[in-house]
Amino acid sequence: MKDVARRRDPAAYATSLTLDTRFGDMDVNGHLNNVAFARLFEETRVRFLRFGSGAPVGKKAPSSVVVGHVAIDYLAEGNYPAPVTLTLAIGRIGSSSFTVAMAAFQEGQCIALCDSVLVHRDPETGPSPIPPALRERLEALRLKG
């Protein structure tokens, strides 16, 4: 993932979500551990896919996508109990997959970046082209800049 300036700008993202940190998210040094970052990014991605613009039209069920790859760049220490604001946009759209670009901000600072490659799939045949309706919704959520 490229750590370009726009990825550290919350205005570049289509949507955001603020989540609380938990005491159990800390490592032995009192900072958010790597699993906590993964959990925060996962929660954001899942809410987008189940209830947000990535959800199937007309129903509140999981999208027909699976995670193909996740990469997290840790940029700064996160702290408990400060909440974390996570931003989400679409970075790339291919024929059967797309990349969800996310960033984590705490107290105004970008503390981590995450790219998740999601593969559209047919339950019976596996990977399949992204349907036009989903592609249209994803295009509207492109990373700005």
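Checked across segment 36-48, the condition of being aromatic (Phe, Trp, Tyr), at pLDDT below 95 and surrounded by fewer than 17 Cβ atoms within 10 Å (Cβ to Cβ) holds for no residue. Could you tell me whether Gly108 is without any contact (Cβ under 8 Å) to a residue 12 or more places away in the chain and surrounded by fewer than 17 Cβ atoms within 10 Å (Cβ to Cβ)? The answer is yes for Gly108. Quick one: is Leu113 of a type outside the set (Lys, Arg), assigned to a strand (DSSP E or B) and touching a residue at least 60 places away in the same chain (Cβ under 8 Å)? The answer is yes for Leu113. From the list Ala89, Ala133, Ala82, the lone residue that is among the aliphatic types (A, V, I, L, M) and within 18 Å of Ala11 (Cα to Cα) is Ala89.
Looking across segment 69-95, just one residue is closer than 11 Å to Gln106 by Cα and of a type in the set (Phe, Trp, Tyr), and that is Tyr80.
Taking residues in segment 5-28 that are touching a residue at least 24 places away in the same chain (Cβ under 8 Å), and partners anywhere that are assigned to a helix (DSSP H, G or I) and among the charged types (D, E, K, R), the pairs with Cβ atoms closer than 7 Å and at least 6 places apart or on different chains are Ala12/Arg6; Leu17/Arg47; Leu19/Glu43.
The requirement of being part of a loop (DSSP other than H, G, I, E, B), of a type outside the set (Val, Ile, Thr) and within 22 Å of Asn33 (Cβ to Cβ) is not satisfied by Ala104.
The values are calculated or read from the model by the stated rules, or taken from the named source; none is laboratory data. Computed from a predicted model, the values in this text were never measured in an experiment. Counting neighbours? That spans all protein chains shown, and the Cβs are built from the backbone with ideal geometry, glycine included.
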